[in-house]
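The values are calculated or read from the model by the stated rules, or taken from the named source; none is laboratory data. This one's a predicted model, so the numbers in the text were calculated from it and none came from an experiment. Note that each Cβ is placed from the backbone with ideal geometry, even for glycine, and that neighbours are counted across all protein chains shown. For the accessible areas, the whole protein counts, side chains as well, though only heavy atoms, and no ligand, DNA or RNA atoms are used. Shrake-Rupley method; radii C 1.70, N 1.55, O 1.52, S 1.80 Å.
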Amino acid sequence: MTRQVLVAGGALLGAGLLLCAVGVHASDTPWPEASGSQANTSNSAAATVVTPITLADALQRSLEQNPQLAIYASEVQASIAEVAQTKRYRNPELSLEIENVAGSGDFSGTDAAEITLQLSQQLEWHDKRRQRIASSELRRQGAELDDRIARAALLATTKQRFYDLLAAQQRLALANNQADHADRLLATVEERIAAGKVADIERLRFEPLRLEAQLHREQADLELTGARLALAALWGGQTADLLEADGSLEQLPELPDWADITALSEHSPRLSRQTIETDRAAQEFRRQQVERYPDLALNIGGRRFEETGDQALIAGLSISLPVFDRNRDAIAAARARDAGARSALRAARLQTETDLRQLWQTLQAAHAEATLLETRLLPIAQTRFDAVVYGYRAGKYDALDLLAAEQALYSSRQRHIDTLQTFHRILADLEEMLGRGIDKS
């Protein structure tokens with residue numbers, strides 16, 4: 001559709017609606033106000049009962065019913081059981097040995113047998129057990145932090161999809177208003193044609209405008225359906241669920257200062273996870289260092305001599321000799337991984353600061369743009385449109401001026417919705433990185 005058709009259509013829209021308005025209230029304008037967060041649904045869905053849902057409800061459903069979280073919860077339970085297993089001492093060994101039997105001569109029977117019953121226990125030196133337990137504890141902490149990271153990511157995604165649904169509802173409201181304008185415009189044109197004020201060709205000029213508005217409304221309705229399904233999918237909702245976001249897209253939270261963001265970043269999930277990995281690498285290095293020391297095996301038992309009926313106590317110690325393997329290569333590998341983990345922690349800290357600063361600057365820009373649109377640009381566009389309508393009635397403006405003012409107002413409202421949606425999505429990303437909400441209120 002060319003710009004000329006849109007301009008002409010908008011002009012006739014303004015003129016037709018003004019004619020209708022003069023017969024009712026002289027102060028009415030041809031652009032009805034769009035609803036804030038309550039969108040008109042399509043005719044087929046109008047009779048269907050929708051389910052209002054708040055952001056708190058959506059977050060609670062995701063945490064309780066999202067199947068992905070069960071994976072991390074199971075891993076946490078497994079790591080707790082591994083810690084308990086690591087704390088257990090090694091089992092002793094019981095051995096039975098019979099000598100001097102089934103031989104020849106005096107040893108053909110069992111009269112000269114020597115029976116030895118012995119109990120052996122391996123003893124770990126140099127805090128090997130404590131080092132092993134410490135490594136297991138760090139694995140448990142890593143599993144718990146992975147669960148925390150997964151929850152933060154799920155909450156961020158839920159917030160983004162909730163505000164996507166709010167934005168889709170508002171876009172559908174605007175599209176419905178635009179379609180209603182097009183319908184009234186065409187009706188006005190047909191009335192003017194019937195009255196002989198304009199030629200029949202005018203209908204062909206404005207019918208495409210009506211079809212375009214209907215297509216826009218259908219696209220907005222499809223976007224709303226997709227937003228509903230995307231949100232419900234986080235807790236396994238049915239495809240037939242009709243959710244209606246109960247909230248305010250225009251309500252912007254009070255943001256903390258950058259210094260507060262920097263302080264919170266030190267405890268962010270990303271840095272905490274890398275810190276645990278660094279601690280694990282250091283702990284593994286310490287564990288490999290003590291593994292070079294051999295363990296002792298304590299043996300104690302008794303021996304019976306069948307020939308004389310005498311009994312004797314047996315005790316002994318055994319130790320492996322570190323002749324061929326002193327664990328040097330394993331220690332070198334652990335040392336290299338320890339150094340690499342420390343470097344990774346420094347890199348993660350720098351990357352986190354960079355990512356947070358970029359998100360923060362984008363968030364501040366979106367906040368400023370949304371505030372400017374709401375407090376200045378939208379009121380100016382509305383005032384200008386009202387002035388053009390008044391001037392058009394007085395014959396000071398033509399149809400082109402009316403359409404330009406109308407398009408400026410519609411574009412400003414659409415831009416406002418887009419900016420608010422962007423703000424809330426970036427805020428959710430920022431809170432995911434920090435692992436907590438930052439709304440000061």
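Of the residues that make up the range 127-136, is at least one within 30 Å of Glu64 (Cα to Cα) and part of a helix (DSSP H, G or I)? Yes. Filtered by the rule that a residue be open to solvent by less than 20 Å² (accessible area, probe 1.4 Å), under 20 Å from Gln178 (Cα atoms) and either modelled with pLDDT under 90 or in contact with a His (Cβ under 8 Å, 6 or more places away or on another chain) (or both), the range 382-428 gives Phe385, Val388, Val389, Leu402, Leu403, Ala405, Glu406, Leu409. When each of Arg217, Arg210 is tested for being among the charged types (D, E, K, R), surrounded by 17 or more Cβ atoms within 10 Å (Cβ to Cβ), modelled with pLDDT of 85 or more and in a helix (DSSP H, G or I), the lone residue that passes is Arg217. The condition of being in contact with a strand residue (DSSP E or B) (Cβ under 8 Å, 6 or more places away or on another chain), open to solvent by less than 60 Å² (accessible area, probe 1.4 Å) and farther than 30 Å from Thr110 by Cα does not hold for Ala333.
Of all the numbered requirements in (1) open to solvent by less than 30 Å² (accessible area, probe 1.4 Å); (2) of a type in the set (Val, Ile, Thr); (3) not in a helix (DSSP H, G or I), Ile115 misses one, and that requirement is (1).
When you check Ala58 against the structure, is it aliphatic (A, V, I, L, M), in a loop (DSSP other than H, G, I, E, B) and either open to solvent by 70 Å² or more (accessible area, probe 1.4 Å) or closer than 30 Å to Ala233 by Cβ (or both), yes or no?
Values: aliphatic (A, V, I, L, M): yes; in a loop (DSSP other than H, G, I, E, B): no; either open to solvent by 70 Å² or more (accessible area, probe 1.4 Å) or closer than 30 Å to Ala233 by Cβ (or both): yes.
So Ala58 fails the test.
Taking Ala194, is it open to solvent by 50 Å² or more (accessible area, probe 1.4 Å), more than 30 Å from Gln85 (Cβ to Cβ), small (Gly, Ala, Ser) and at pLDDT below 80? So Ala194 does not fit the description; no.
Kindly establish whether Asp338 is closer than 30 Å to Thr278 by Cα and either modelled with pLDDT under 90 or open to solvent by 70 Å² or more (accessible area, probe 1.4 Å) (or both).
In short, no.
Considering each residue of the range 122-136 in turn, none proves to be under 27 Å from Gln414 (Cα atoms) and either open to solvent by less than 60 Å² (accessible area, probe 1.4 Å) or not hydroxyl-bearing (Ser, Thr, Tyr) (or both).
Close contacts from the range 410-428, counting a first residue that is in contact (Cβ under 8 Å) with a residue 40 or more places away in the chain and a second that is in a helix (DSSP H, G or I) and of a type in the set (Ser, Thr, Tyr), with Cβ to Cβ under 8 Å and a gap of 6+ residues or different chains, come to Leu420/Tyr163; Gln421/Tyr163; His424/Tyr163; Arg425/Tyr163; Ile426/Thr362; Ala428/Thr157; Ala428/Tyr163.
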